[in-house]
Amino acid sequence: MLVLVAPGQGAQTPGFLTPWLELPGAADRVAAWSDAIGLDLAHYGTQADADAIRDTSVAQPLLVAAGLLSAAALGAETFTVGAAGAPGAVAGHSVGEFTAAAFAGVLDDTAALTLVRKRGLAMAEAAAITETGMSALLGGDPDTSVAHLEKLGLTPANINGAGQIVAAGTMEQLAALNEDKPEGVRKVVPLKVAGAFHTHHMGPAVEKLAEAAKALVPADPKLTYVSNKDGQAVATGAEVLERLVGQVANPVRWDLCMETFKELGVTALIEVCPGGTLTGLAKRALPGVKTLALKTPDDLDAARELIAETTTPAADAAGA
């Protein structure tokens, strides 16, 4: 069984969209999306520097656009229920859940990008209230690390599995973490994000996103949609949308998503552009599972070969 996953914020790098725009029809598609959301995605994905694409209101729609563009390059059959090699499940990390929602047919591409643009703006506004950030903890025992973070007033915002937890809070709290790491943690790495996402600091953004979501009519998932709230498969579009709103201020449980992938019988995992982070976690947490990250169009042939090897029909989301 194939799982198709989408990365979250911090995966973007300057110019990463450039080679994808050279594919037939890609530039036109991105231009239409840009017009729809009022943001020049091509500029930010090809010419902007690291600081510019670190801006939450830019990074989030840019990541979703890249994921949709790279997945579409694999072919329409990638999202055809019952087709040989189609995903048995889809999932996304943080903002990647919007990409996954589009994969599953819950939202169309434009609706997903429009909502995520509003999400990014709302989260940027919330992040401006207090100077906050996020840092990844590498190694250590999860229970020990979580207890230590809570002692410092930090939130375990991402529990990613494979020995990785992401702490979120004020810059003062993160500075204290650098000086006082949990027992067993090898390294604390600041992330390229502009706020303490998936914490109470994002409360104002939840309210704005909930209001924006009222205008949407989500469809039920056509593919099994695994939520990073608790790793559970979600069968209705209404619940997917509700979770997309709430996850802004709730921790990401990617560890539980990977447990669900195991239960579903995952044999292969493809991470859409800009891939690398989630495949890295899968290599450590899902031994024996073939993984592939879409970084440039040069990776498409290998991805198609991996898809062709996966002949199990996609799971029915209603029965997940």
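Computed quantities for the displayed model
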read-out: Single unsatisfied condition, G231 versus (1) part of a strand (DSSP E or B); (2) at positive phi; value: (1)
read-out: Evaluation of M171 against (1) over 24 Å from L2 (Cβ atoms); (2) open to solvent by less than 50 Å² (accessible area, probe 1.4 Å) (one fails), failing number; value: (2)
read-out: G161 being at positive phi and either open to solvent by 30 Å² or more (accessible area, probe 1.4 Å) or hydrophobic (A, V, I, L, M, F, W, C) (or both); value: no
read-out: One residue from T80, T46, T18 being at pLDDT 95 or above, open to solvent by 50 Å² or more (accessible area, probe 1.4 Å) and out of contact with any His (no Cβ under 6 Å at 6 or more places or on another chain); value: T18
read-out: Cβ-Cβ under 8 Å pairs, at least 6 apart or on other chains, the range 130-157 side closer than 12 Å to K181 by Cα and touching a residue at least 24 places away in the same chain (Cβ under 8 Å), far side of a type in the set (D, E, K, R) and in a strand (DSSP E or B); value: L137/K187; L138/R186; L138/K187; G139/R186; G139/K187; G140/R186
read-out: Sole residue being touching a Phe, Trp or Tyr at 6+ places or on another chain (Cβ under 6 Å) and either acidic (D, E) or open to solvent by less than 10 Å² (accessible area, probe 1.4 Å) (or both), chosen from A91, A101, A136, A112; value: A112
read-out: Filtered residues of the range 231-250 (kept if open to solvent by 50 Å² or more (accessible area, probe 1.4 Å) and not aliphatic (A, V, I, L, M)); value: Q232, T236, E239, E242, N250
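The values are calculated or read from the model by the stated rules, or taken from the named source; none is laboratory data. Here the structure is a predicted model, which is why all the values come from computation and not from measurement. Please note: Cβ atoms are built from the backbone with ideal geometry, for glycine as well, and neighbour counts cover all protein chains shown. When the accessible area is computed, the model is the full protein with side chains, heavy atoms only, and any ligands, DNA or RNA have been set aside. Shrake-Rupley method; radii C 1.70, N 1.55, O 1.52, S 1.80 Å.
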